[in-house]
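The values are calculated or read from the model by the stated rules, or taken from the named source; none is laboratory data. As the structure is a prediction and not an experimental result, all values here were calculated from the model. Positions of Cβ are generated from backbone atoms using ideal geometry, with glycine treated the same way; all protein chains shown enter the neighbour counts. The protein model used for the area step is the full one, side chains on, heavy atoms only, and it has no ligands, DNA or RNA in it. Shrake-Rupley method; radii C 1.70, N 1.55, O 1.52, S 1.80 Å.
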Amino acid sequence: MELPGQQLSAATAYSPLDHVLNLDIKLPAACQRLTGIIATVGKASNDVETMQRMMAAGMNIALLNLSFGTRDEHIDTIKNLRQAAKNYSVVVGKNFPLAIAARLPGRKIRTGHISDTYVEPVELISGETVRLTTDETYKDRCSSSIVYIDFLHFAEQLKKGDIILLDNETIQLKVEIISTTTLTCKIERGGMLGSNKDVFVPNVVLKMPTYSEKDKVYIDMAVHHQLDILVASFIDSKDSILELRNAMGEKGKKISIVANIQTLEGYYNFDEILEVANGVMITRQELGSDISPKKLVIAQKNMIARANKANVPVCLCAHLLSSMRFNKIPLRAELLDVANCILDGADALVLSAETAIGICPVDTISCMASACKEAEACVWTKNIFQDYVEKTPMPCDQATAIAMSAVLAAYRSLAAAIVVVTSSGTSAFQVAKYRPRCPIIAVTRYPALARQMHLYRGVMPLIYECTPDADWQVHLEQRINFCTKWAMQRGFVRVGDPIVVVCGWKQGSDFTNTMRIVYATADINGT
């Protein structure tokens, strides 16, 4: 029986044209979203009740942007998120594995504060000049004529003619005169400038440490509070990831590191970064400035494909639903952008200012979740599966063979879900690589692992907390029943639906060698 969102006529097509021709707008979206949603928490969402509603709307990973706020404020946010997850777990009757991620400032350069004598923001007028200074005297005294820059060696590393972009590229300056601490610039594209806005210099590699003293304080905070994911900004080589891993030490070895690709150099070194990172984030704002916006479409598609091939989760950030920062409905173009990110192969999508300081963070997440489900029905998984099978080296190990077999079996049997019993997550990640149309329920006994699994497309982590039976086969049946009952309660598995099960012949890692099909029944005793 066809499940909602399957779009079977399109899914089973034999050519790209037939696939698109058979897409039907009358068919409903899938019951379950496969793409992860990462939502930035800020002033608009930093209370327990709102956080709970964000989880109910579809937030899988909560992101802290450490470029804003103080250490104590971020610690309070972490406590609020954990309390909200605890409250929401009571509501849903299961331990909800909300992942908490933090994004390091890295080599992000920002302006200072607009002087209190002005009404913020101030206007920089096209054709006029403005001075950019590293003199801390002006740190809290910025105006339309002089703006503080928080990188001490900024002026000495630029040359006449360089372009400087302020506040998400809204303001463009051109360097005309250089002194020890000050750059005099012509305002080529004016605009309104507020406090603490980002500064970016395209096509210039500034010599500055990957991790500042402020970063090191936040790294210690992340380790001490055992966050799940740390996003390293402005990563341009694998050495930056290895440096961070070393700084985190033994206590931080279980924290996943996501490399934030924001520069042309990061794009060129992307393959080596994939070798050492647990995931990658493509921030299209700075990357688009560095390679030019018109090349961004090529960079996005190419990097997502490379990450998919390497089976490293990839998420996209910047300008996804930007208009919802101020409005309750998105632009049509934004919905199409979200859909194209999913069609390109993104594992997760990142909401930034929309949920951090926007007027409707919960509605924004709901909108994103709905858009994802509609787009996922359009993915031609049959073709993607065949491509990745062809790219799999021969001979492959038994776990990879089982993963491929499970996805093929799910496709052919119209399975409602794939259940993966895992202790390390590897089996679930291998299944996710081959992009099944149905959800992958990854059942594990380890909460920290369950939270990090949200990075992978289609993986729905489920924490099994019951006392394990001494007999492994009995214990397996208990876990399968537990997953089936939960999926039926969620509404994406029905009585009689086939479920593909992937597991090992005994307990522990590296024993995955079994794939079978079971059918959901009404008399399930799982708890």
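Points worth noting:
- Residue that is most open to solvent (accessible area, probe 1.4 Å) [pool: residues in the stretch 366-398 that are hydrophobic (A, V, I, L, M, F, W, C) and over 26 Å from the mean Cα position of the chain (by Cα)]: Met394
- Condition check for Ser233 on (1) open to solvent by less than 10 Å² (accessible area, probe 1.4 Å); (2) free of Cβ contacts under 8 Å to residues at least 40 places away in the same chain: one failure, at (2).
- Residue count for the stretch 275-313, restricted to those that are open to solvent by less than 50 Å² (accessible area, probe 1.4 Å) and of a type in the set (D, E, K, R): 3.
- Check on Thr426, farther than 24 Å from Thr35 by Cβ, surrounded by fewer than 21 Cβ atoms within 10 Å (Cβ to Cβ) and of a type in the set (Val, Ile, Thr): no
- Those residues of the stretch 152-174 which are open to solvent by 40 Å² or more (accessible area, probe 1.4 Å) and either charged (D, E, K, R) or out of contact with any strand residue (DSSP E or B) (no Cβ under 9 Å at 6 or more places or on another chain) (or both), in sequence order: Leu152, His153, Glu156, Gln157, Lys159, Lys160, Glu169, Lys174
- For the stretch 135-147, filtering for residues that are open to solvent by less than 10 Å² (accessible area, probe 1.4 Å) and within 15 Å of Asp198 (Cα to Cα) leaves 2.
- In the stretch 70-113, the qualifying residues are those that are small (Gly, Ala, Ser) and over 23 Å from the mean Cα position of the chain (by Cα), and the one that is nearest to Leu165 (Cα to Cα) is Gly112.
- Residue within the stretch 188-206 that is free of Cβ contacts under 8 Å to residues at least 40 places away in the same chain and out of contact with any Asp or Glu (no Cβ under 9 Å at 6 or more places or on another chain) present: no
- Residue that is farthest from Asn278 (Cα to Cα) [pool: residues in the stretch 434-448 that are open to solvent by 40 Å² or more (accessible area, probe 1.4 Å) and touching a residue at least 60 places away in the same chain (Cβ under 8 Å)]: Arg437
- Selection within the stretch 166-187 - more than 24 Å from His319 (Cβ to Cβ) and either out of contact with any Asp or Glu (no Cβ under 9 Å at 6 or more places or on another chain) or among the aliphatic types (A, V, I, L, M) (or both): Val175, Glu176, Ile177, Ile178, Ser179, Leu183
Here's the yes/no breakdown for (1) within 22 Å of the chain's Cα centre (by Cα); (2) under 27 Å from Lys86 (Cβ atoms); (3) in a helix (DSSP H, G or I); (4) not assigned by the TED database to the domain that holds Leu230:
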{"position": "Ala410", "(1), (2), (3), (4)": "no, no, yes, yes"}
{"position": "Cys438", "(1), (2), (3), (4)": "yes, no, no, yes"}
{"position": "His454", "(1), (2), (3), (4)": "yes, yes, yes, yes"}
{"position": "Leu462", "(1), (2), (3), (4)": "yes, yes, no, yes"}
{"position": "Glu477", "(1), (2), (3), (4)": "no, no, yes, yes"}
{"position": "Trp486", "(1), (2), (3), (4)": "no, yes, yes, yes"}
{"position": "Gln489", "(1), (2), (3), (4)": "no, yes, yes, yes"}
{"position": "Val500", "(1), (2), (3), (4)": "no, no, no, yes"}
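- Residue match in the stretch 413-425 (condition: closer than 23 Å to Asp347 by Cα, touching a residue at least 40 places away in the same chain (Cβ under 8 Å), in the same structural domain as Pro393 (by the TED database) and touching an Asp or Glu at 6+ places or on another chain (Cβ under 6 Å)): yes
- Pair list, Cβ < 9 Å and 6+ apart or interchain, from the stretch 16-39 residues that are in a helix (DSSP H, G or I) to residues that are of a type in the set (D, E, K, R) and at pLDDT 90 or above: His19/Lys382
- Scanning the stretch 55-105 for residues that are closer than 16 Å to Ser233 by Cβ and open to solvent by less than 10 Å² (accessible area, probe 1.4 Å) yields Leu63, Leu64, Leu66, Ala101, Ala102, Leu104.
- Exactly one residue out of Arg437, Arg457, Arg445, Arg412 is of a type in the set (D, E, K, R) and modelled with pLDDT of 95 or more: that is Arg457.
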